[in-house]
Ligand SMILES: Cc1ncc(C[n+]2csc(CCOP(=O)(O)OP(=O)(O)O)c2C)c(N)n1
Ligand SMILES: [Mg+2]
């Protein structure tokens, strides 16, 4: 990091902007805006969500160990991102289509990936370790942000077909500096494409802190192009994430002009 640049945002100011229903010590916090979305969350569902997160952490630890043992060429850990991935993944319908980055092991788990599906790509055995059509997850994307454009293209196809689905794309805080992501959001907004953008802000893009890339806390500064089709998540699962808030709120009216077939 250049000694002449000092990050303007920090982890603490980002945390202060997160909408919460649970305090860091685990106690329930009332939140007039969000409470209605968790009224139907019973013990059994909460236990299932928690179990998924625990299993995911175990899968992730195994992936890290296999990589350190030389069994895998690479493994992208998702330690600490379990809630963001399980919560959003479990909120999807089976017919929706996911466009992930390389770090979405939890989303894969929530959509029924089998043990071998997690590792074949990282062993260099296959480009896509699973059948994308079966899991309805595009192959893991290594090019930062490229998957957001694919998601918007797919969403415009959904719109063209008049189908009742959404495309969902996951990316990191660092990816928000990528031209592809900004282009994707502008297209999504202009065409009102049924796509949800999920930004997992882990505060780092390899060695670069988020403060070097953003003049504002990430939650406070959605791109100007962001429409209601765009959502930003923190690292905790929030019931306010659009698909959790009822399917109707995730649908963007198909009011866009027809896509040119030229
Ligand atoms: C187009 C492109 N540029 C650079 C890289 C190298 N690279 C790999 S991971 C990474 C950081 C991404 O950070 P972020 O988007 O926050 O995702 P995270 O890894 O934190 O989940 C970079 C720059 C890449 N893979 N693709
Ligand atoms: Mg990051």
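Quick note: the coordinates plus some simple rules give every number you see, no bench work behind them. Since the model is a prediction, treat every value here as computed from it, not as a measurement. So basically every Cβ, Gly included, is an ideal-geometry build from the backbone, and we count neighbours across all protein chains shown.
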Taking 22 Å as R0, compute the FRET efficiency from the Cβ-Cβ separation of residue 47 and residue 76 and round it to 0.05.
0.20
Taking only C-alpha pairs under 8 Å that are 6+ residues apart, what is the relative contact order of segment 170-214 in percent?
54
Separation of alpha-carbon centers, segment 167-199 and segment 127-150, rounded to whole Å:
15
